[in-house]
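Asker: Sharing a structure below in structure tokens format, with a few things to ask.
The values are calculated or read from the model by the stated rules, or taken from the named source; none is laboratory data. Note that the coordinates shown come from a computational prediction; the quantities given were computed from them, not determined experimentally. Virtual Cβ from ideal backbone geometry, glycine too; neighbours counted across all protein chains shown. Side chains included, ligands, DNA and RNA excluded: accessible areas come from the protein's heavy atoms. Shrake-Rupley method; radii C 1.70, N 1.55, O 1.52, S 1.80 Å.
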Amino acid sequence: MLHWIRDCAVSNNGGTGNGSKGESNYLIYHFLRVGGWEQIWECDGEDDNHFVDGSMEADALTAGWTQLGGLTGTVKTTNEKHMGNQSMSYQPTGPGENLRSAGLTTLQESTDYQISIWAKAEEIGEDFDVIFDENGVPTTLGTVNGLAASGWRRFDYSFSTGAGVVPRFVRFDRVDAGGPVGPFFIDSCFIYESWFEYNGVDQDYIGTTDGDFVAPDLFDSTAYTFVAGDIGKYIATWDGVNVGNSGVYKIIAIDTGRAQLDLRAGGSPAMTPSNGLPWRLLDVTAAPRVADSVPDTERLAGYMLESPHSESWRMCLRNNFAASADQTFLVMTCCPYDGDFDVESGHFYDYEASTQDVFGKYGKGLNGNASDTFDPANNKGLFLRGYGANNPGSGSRVYLMTDDDGSFVNILLRGGAAQTDEDITSWGLAGFTGADAYHTLRESFAQFGVAYASSALDDMDFKTSQHYTSTPYCGCQVGTVGVGWMNEAQMMVLGVGATSVSEKGYSNPRPNPFDGNDWLRRVKICRDYTGGATNSPSEKVITGWGLRAGTRKNDTTEMFSDVDSGEYLYMRMGVYFKMPGQFTPLT
Amino acid sequence: MGDIHIRNVRLDDGGSSSTHIDRQFLWMLWEIFLLGRWQEIDKTVSTVWTDPANVLLDKGIDSGTADLAVLSANSHQITSASGGFDAGLHEGKIISLYATDDSNRGMYNIRRVIDANTILVDVRTRGATWVDESSMSGRIHVGSSGAPFSSTEYFVMQAPAASGRNLQVHISHNSTTSLFVTGYPKGDWLTLKTATTTETIDIVYNGSIYRWNAFLADAAASEFYAHIYAYDNTDIWRRIIVGELTDVAVGDTDPGFVHTNVVWSSLDDNGEHQMINEFDVPIECFPAFYKRARALDEENKREQQLAARKINGGLAKVFRPIVLAEDTADGGFVRGNVPYEFCNYHYTDFDEFTSTRWKMGQHVVVPRNGADDITPLSSTAA
């Protein structure tokens with residue numbers, strides 16, 4: 001079953017040149033979270049995730065860690081690792097034998113932070129405390145306790161910095177719980193100011209059965225009573241039974257303790273009554289902004305989510321900015337399985353398959369500064385670019401499609417309110433396109449976006465000769481296993497004639513006159529079009545994404561119009577998204 | 001019922017006159033459609049069709065006894081109890097065998113006349129053994145090279161009755177160097193004559209020898225078409241394809257087309273298929289090719305990519321293109337799929353292709369008539 005964020009309108013929260021990318025990304029994050037995706041990493045925009053050698057990949061221990069109190073024998077080891085090539089082995093034998101990080105970098109004053117530690121501690125009775133040490137004043141955040149046969153576990157804590165530029169550290173302090181001496185293995189340590197998971201979530205009923213839809217447009221909670229102050233906030237919810245109920249909805253009024261939702265549809269729309277839904281109440285004014293006058297810590301924030309899909313594929317969606325009016329964009333990097341990544345950067349390791357194989361790693365602008373101009377040598381990856389900051393104050397309209405088990409994500413951000421704007425769509429999509437006789441499930445994984453940004457061009461525009469600014473042209477797909485990892489891939493369109501005519505360029509496109517239908521067909525993709533270095537060309541159609549190619553309608557007057565009795569929504573350039581048919585789209 | 005194949009049938013009409021070749025085409029096309037079980041709807045009243053200078057021996061079609069017989073044990077041999085075979089008159093000529101069994105039914109060159117009751121057909125026109133059959137009708141002929149047409153003859157054929165299809169094709173003499181081919185998708189030649197635009201097929205008049213090939217789909221085939229392709233001694237293949245699109249919309253009841261060409265079709269060259277639209281107005285429709293979703297002037301189409309030659313783990317690529325109606329007010333839509341097959345450009349011509357097809361020029365593959373089928377010859381030598 002498909003699930004949507006269906007035309008959720010969000011305004012930008014200010015900042016010069018804000019194109020609402022950050023606000024949109026925030027809503028996307030929480031929708032996927034209530035849909036069962038797991039947060040496995042976040043970053044703010046500061047370098048190195050505030051640890052030095054939090055990934056434990058530096059060979060020398062002293063690069064990031066100091067043994068205290070007579071502690072010896074702490075080493076980096078390849079025998080145990082969570083991600084990457086090695087972890088840190090910590091084996092205290094006496095009191096005070098503690099580990100201390102190098103000074104934490106670029107922490108802001110008077111700010112809340114989250115810390116994640118991955119540890120393998122399997123000796124009963126051997127524990128260590130996680131300490132935040134600010135200017136010599138320790139605060140115990142929690143305890144990593146030994147637990148037999150527990151494997152790698154994640155420990156999450158939070159702390160707040162005080163005022164001033166003072167030394168700040170993380171310490172691991174041995175706790176004698178009477179057990180045998182045994183090593184702790186520690187890996188994947190990262191600290192972040194949370195712009196997503198722990199930010200603006202006013203009510204959190206994820207993983208519960210608390211929420212209800214009451215027809216036509218009310219959302220009710222068993223445990224929570226909505227109040228007037230909730231007006232203007234958003235509810236993200238997931239309904240695994242009723243098509244079209246899942247989504248992100250703005251609260252427009254309160255009705256006897258229930259939230260009245262903006263259903264963003266014409267006519268007399270109504271939700272299907274439903275009970276037992278997970279949900280979150282979101283204050284989108286807290287969302288990170290991507291804008292000129294906003295510091296890096298906010299405008300370069302991002303996250304990595306792991307899909308509930310059986311392949312546990314991972315998607316990193318991180319805000320980015322480069323100076324000049326239109327350079328606000330999201331960078332989407334995916335791995336078709338639960339591949340290892342560097343917690344200090346969010347980059348997948350090179351030995352994993354990922355978008356990076358074809359389009360490179362997330363980076364900042366010229367000279368490594370987001371405050372500088374866009375630099376293709378640094379600003380790499382696949383983007384949702386499209387609508388930039390041309391119309392500050394007009395916000396975004398968010399569309400997202402996914403399915404029950406998170407096999408794919410299709411995101412479209414529609415900028416502004418005037419459908420005649422040329423640069424209106426930011427479009428990125430990724431996931432499993434469907435196994436067939438010639439492609440394993442993993443080989444069917446593909447991602448599309450744009451790979452270059454020079455000015456605010458519509459990602460859905462197939463006309464440009466600058467092919468890297470067109471989402472359908474710019475993609476990657478898992479190659480033949482053993483031959484290569486991710487290869488270049490493109491969507492294909494129909495061409496006719498010896499020169500330039502194609503169905504996309506038809507000046508007189510119309511529905512099939514014999515049945516009135518728009519002759520929609522599944523999108524066909526090709527991998528390794530020219531038989532490049534990996535030499536694993538293939539073709540297949542995308543199945544299960546609710547995505548169709550077909551008649552190119554009038555891109556000025558017919559965009560976002562109903563097709564086939566509301567079953568599909570015409571987006572642009574002959575691209576159609578399946579929609580829940582009970583809602584009449586707003587134009 | 002089954003498909004009808006014709007392979008490498010040579011007709012040398014013995015003359016270099018410019019008045020002959022176009023008429024050879026007309027007569028041979030007529031005969032091939034009849035062998036393919038198409039229905040004769042109309043034709044010029046003329047003695048040429050049955051003139052004894054053209055029909056050298058009639059075995060039960062308009063006269064004579066339908067007693068032609070074949071045996072699987074005697075490959076390439078055809079017998080007639082009533083006799084009449086003559087070495088001097090018939091060797092090198094053509095016999096059309098109107099068998100009931102579709103694997104026997106076809107057209108063959110006579111290699112040798114053994115005696116008055118027995119002939120051998122040329123192995124280049126018949127690869128497989130026979131299926132035992134007797135009491136077949138047929139005729140030995142030389143097309144219309146014995147007694148040529150004048151200049152106005154035509155015929156109209158309709159898809160086999162068993163197909164239930166309305167499609168008719170009208171083929172007529174145009175000039176010494178061309179024929180007209182017109183489709184009547186609604187099958188109304190005798191009444192309203194709702195016609196497609198007429199295709200003109202050019203043929204060489206200063207050469208007098210052709211080798212004929214054809215594939216005529218079984219009446220019950222879902223991919224229904226007739227493809228007739230002939231090689232001349234100027235190294236040109238000339239072809240006519242008549243058929244109906246597949247996967248059309250409900251309500252598109254007459255998706256018939258005609259298409260001619262004197263080169264093997266590149267997917268973007270001379271690809272027009274003449275049809276009619278919902279208003280019974282002629283429109284041109286084109287097999288489309290996939291290309292990367294980039295600038296409209298992307299010419300490096302997928303079906304010419306060497307990398308696409310064997311895709312999906314080494315699979316030789318064969319496909320039936322989507323057909324787009326012309327970019328006019330009367331067109332502008334996807335109509336269906338072509339019923340016959342295309343392949344990637346990068347294969348050697350005439351090679352066996354996936355064991356069930358012959359690769360011809362450019363993107364064209366044709367069905368192979370079983371494992372014993374002979375390579376289509378690009379030679380008119382005897």
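Asker: Rounded to the nearest 100 Å², what is the sum over both chains of accessible area buried where B meets A, with a probe of 1.4 Å?
Answerer: Chains B and A together bury roughly 4000 Å² of accessible area.
Asker: Per DSSP H run of at least 4 residues, take -39500 (n - 2.57); add these up for chain B, divide by its residues and hand me the 222 nm value, nearest 500 deg cm²/dmol.
Answerer: -1500 deg cm²/dmol
Asker: Mean residue ellipticity at 222 nm from the helices of chain A, using -39,500 (n - 2.57) per DSSP H segment of n ≥ 4 over the full residue count, to the nearest 500 deg cm²/dmol?
Answerer: Only helices count here, giving -1000 deg cm²/dmol.
Asker: Give the accessible surface of the protein assembly as shown per residue, rounded to a whole number of Å², with probe radius 1.4 Å and ligands, DNA and RNA excluded.
Answerer: Value returned for the protein assembly as shown: 33 Å² of accessible area per residue.
Asker: Just to be sure I understand: with springs between alpha-carbon atoms less than 10 Å apart, which residue in B:Asp372, B:Asp218, B:Asp351 has the highest mean-square fluctuation in the Gaussian network model of chain B?
Answerer: Fluctuation is largest for B:Asp372.
Asker: Could you work out, residue by residue across B:243-254, how many beta carbons of other chains sit within 10 Å of that residue's beta carbon, and then give the average as an integer?
Answerer: Average per residue, whole number: 2.
Asker: Starting from the Cα of B:Lys59, draw a straight line to each of the aspartates and glutamates and keep only those under 12 Å, dropping any in the same chain fewer than 8 residues away.
Answerer: Filter leaves B:Asp67.
Asker: Still on this structure, I have one more. Run through the DSSP bridge list for region B:135-246 and note the antiparallel percent, rounded to the nearest 5.
Answerer: Around 95 percent of the beta bridges assigned by DSSP in region B:135-246 are antiparallel ones.
Asker: Let me ask you something else. Can you tell me the 0 to 90 degree angle between the C-alpha axis of helix B:21-35 and the longest principal axis of chain B, rounded to 10?
Answerer: Here the helix axis deviates by roughly 90 degrees.
Asker: Oh, and also: Please report the net charge: other residues with Cβ closer than 12 Å to the Cβ of A:Ala265, K and R +1, D and E -1.
Answerer: Neighbourhood net charge equals -2.
Asker: So how far apart, in nm, are the two label points at B:Thr191 and A:Thr143 if each is 7 Å from Cα heading toward Cβ?
Answerer: 9.5
Asker: Show which aspartates and glutamates lie in cross-link reach of B:Lys317 when reach means a straight Cα distance below 14 angstrom and same-chain residues fewer than eight apart are skipped.
Answerer: List returned: A:Glu539, B:Glu303, B:Glu341, B:Glu352.
Asker: Can you give the average number of partner chain beta-carbon atoms within 10 Å of each beta-carbon in peptide A:297-304, as a whole number?
Answerer: Going residue by residue through A:297-304 and averaging, the value is 0.
Asker: Also, I was wondering about something else. Please give the contour-minus-distance gain from A:Thr93 to A:Ala58: 0.36 nm per residue of separation, less the Cα-Cα distance, rounded to one decimal in nm.
Answerer: Extra length from A:Thr93 to A:Ala58 when fully extended: 10.2 nm.
Asker: Hey, can you rank A:377-385, A:90-98, B:304-312 by average C-beta count inside 10 Å, highest first?
Answerer: Highest to lowest by the protection proxy: A:377-385, B:304-312, A:90-98.
Asker: Straight-line reach from A:Lys120: which lysines have Cα under 23 Å away, leaving out those fewer than 8 places along the same chain?
Answerer: Hits, sequence-local ones excluded: A:Lys76, A:Lys81.
Asker: Roughly what would the spin-label model give for B:Asp280 and A:Ala163, points 7 Å off Cα along C-beta, in nm?
Answerer: My value for the distance between the label points is 9.2 nm.
Asker: Based on the Cβ-Cβ distance of A:Thr543 and A:Thr66, what FRET efficiency does E = 1/(1 + (r/R0)^6) give at R0 = 60 Å, to the nearest 0.05?
Answerer: 0.65
Asker: Average partner chain C-beta neighbours within 10 Å, per residue of B:303-314?
Answerer: 5
Asker: Related question: With no solvent and one point per C-alpha, what does the Debye sum give as log10 I(q)/I(0) for region A:347-388 at q = 0.18, 0.29, 0.30 Å⁻¹?
Answerer: -0.56, -0.99, -1.01
Asker: At 0.36 nm per residue, minus the direct Cα-Cα distance, what do A:Val214 and A:Asp262 gain on full extension? Give it in nm, one decimal, please.
Answerer: 15.9 nm
Asker: Using R₀ = 25 Å, calculate the FRET efficiency as 1/(1 + (r/R₀)^6) where r is the Cβ-Cβ separation of B:Ser355 and B:Gln77; round to 0.05.
Answerer: The calculated FRET efficiency here is 0.35.
Asker: To the nearest 10 degrees, how steep is helix A:21-34 against the longest Cα principal axis of chain A, on a 0 to 90 scale?
Answerer: 80
Asker: Tell me the net charge near A:Ser354. Cut-off is 13 Å between Cβ atoms, A:Ser354 excluded, with +1 for each Lys or Arg and -1 for each Asp or Glu.
Answerer: So the surrounding residues net to -2.
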